[in-house]
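Since the structure comes first, as structure tokens, the remarks are kept for the end.
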Amino acid sequence: MEAVLGQVEQLPALLAVSRSALVRGWDPLTLDRALEWARYFQHLHDRFRARPQLREALGRRLRRSQPCPLLGFPALGRCPQLLGLALLENRALPPAACRRLLRSLVQGPGAESGPEPRGLVQGPGAESGPEPRSLVQGPGAESGPEPRGLELLARRKAAACLLALPRRPPPRPAGPEAELQAELQRDAALVAEAELQTEAELLLGRLREERQEGGEAAGQRRWLGRALEQLPRPRAFQVVAAALALLTRAGDTDGDGSGPDGHPGSAAGEGCTAGLLLSWLLDKQERFSAFCLCLTCSRLAFLAGHYSQLSRSYLDLLTCWGSHLHYDPLQGRWVKSCLDKAEVSWEELKERFSCLCQGSALLKEQTQAALKLLRTRDGDFRVCGLSVWTDLLMEVGY
């Protein structure tokens with residue numbers, strides 16, 4: 001087993017070499033050996049995925065071999081795709097090796113390779129093995145005109161390229177056609193929403209893969225944090241909000257734990273995914289505050305109506321923001337007492353509480369109960385200008 005652990009430890013090095021200029025010296029035989037290693041790592045994944053202790057040992061050794069633990073045990077199962085994509089994007093790969101790589105991508109399964117690959121640095125005079133199986137098909141995959149793995153690889157890469165395109169404002173019409181301009185703006189908004197939904201679906205899909213592979217919760221949280229840190233902060237918050245909204249369609253997030261098909265397992269899995277996203281959001285007060293400032297009041301109220309953990313934290317945050325307002329008798333309104341502490345104005349705070357009160361009956365009741373408690377703690381005044389909570393209760397119609 002120690003030998004296997006030592007081999008797994010070489011996976012980050014294999015992927016690093018495949019992205020470097022070192023592949024300039026690769027011939028088709030060297031490429032075949034690299035592909036054999038990829039399939040061998042996939043074989044290890046399929047063999048040990050149902051054995052928790054061995055799976056944990058492999059994942060731990062794999063993470064130990066990296067300065068920043070980007071890869072875990074599930075990466076072994078995706079090793080052919082990871083290696084193939086890295087080589088396809090590397091222009092240093094010689095033409096002969098590139099042609100061999102493309103053939104390995106499109107051909108059906110061939111003869112089975114041995115249980116363990118030959119060394120990647122084996123000399124050019126070594127005996128070559130059988131024609132490699134399709135790089136992106138698993139050992140048991142059925143052959144067909146278009147391998148499912150290749151199709152999935154192409155779709156994910158195309159989605160990543162589209163999402164990376166810079167967003168441009170819609171072109172302005174030459175004349176004063178207001179209707180055309182409004183239509184262009186609506187189309188741009190629909191495209192932006194579709195991009196956001198796609199990013200959220202990709203994120204949820206990867207989290208489901210990690211969960212189905214039996215990855216530990218701590219490892220999933222680390223992966224999620226690293227993935228979201230690669231996005232600009234406003235975009236990361238929008239993707240998380242879109243993902244949480246998508247999860248509400250899978251079942252009652254705070255209900256009886258059963259999905260829309262009546263199976264409790266599916267809803268439990270989605271609940272774990274939502275828990276990971278909420279854990280990342282609520283882990284730091286500054287992050288959650290920025291998240292709430294980034295989203296619209298209506299979107300936050302929708303999420304608060306489906307996630308009780310988020311609604312409690314959101315009400316606590318609104319309470320903190322409201323405590324930094326004071327009443328200015330000269331202006332006749334509530335103003336920020338300290339610009340560096342008060343995150344929102346009176347108008348913004350009022351709009352946020354109003355949106356919460358327009359949500360579900362439970363959310364409305366929870367919001368009004370919180371405001372009444374705050375008013376009581378403030379002296380239970382019923383006159384405007386003495387307590388921000390009294391004025392908020394009046395504004396929301398109580």
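The values are calculated or read from the model by the stated rules, or taken from the named source; none is laboratory data. On a predicted model such as this, the values are computed, not experimentally measured, just so you know. Note that each Cβ is placed from the backbone with ideal geometry, even for glycine, and that neighbours are counted across all protein chains shown.
Among the helices (runs of 4 or more DSSP H) confined to region 1-71, the ones with at least 1 residues that are farther than 17 Å from Leu82 by Cβ and more than 30 Å from the chain's Cα centre (by Cα) are located at 2-8, 28-48. Of the residues Tyr314, Tyr327, the single one that is within 17 Å of Phe237 (Cβ to Cβ), of a type outside the set (Gly, Ala, Ser) and either over 34 Å from the mean Cα position of the chain (by Cα) or surrounded by 14 or more Cβ atoms within 10 Å (Cβ to Cβ) (or both) is Tyr314. Of the helices (runs of 4 or more DSSP H) that lie entirely inside region 271-360, those containing 1 or more residues that are out of contact with any helix residue (DSSP H, G or I) (no Cβ under 8 Å at 6 or more places or on another chain) and among the hydroxyl-bearing types (Ser, Thr, Tyr) span 308-322.
Which count do you get for residues in region 215-229 that are over 11 Å from the mean Cα position of the chain (by Cα) and either at pLDDT 80 or above or surrounded by 17 or more Cβ atoms within 10 Å (Cβ to Cβ) (or both)? Matching residues across region 215-229 total 3.
Residue-level analysis places Ala236 outside the set of residues that are out of contact with any strand residue (DSSP E or B) (no Cβ under 8 Å at 6 or more places or on another chain), surrounded by fewer than 17 Cβ atoms within 10 Å (Cβ to Cβ), outside any loop (DSSP other than H, G, I, E, B) and at pLDDT 90 or above.
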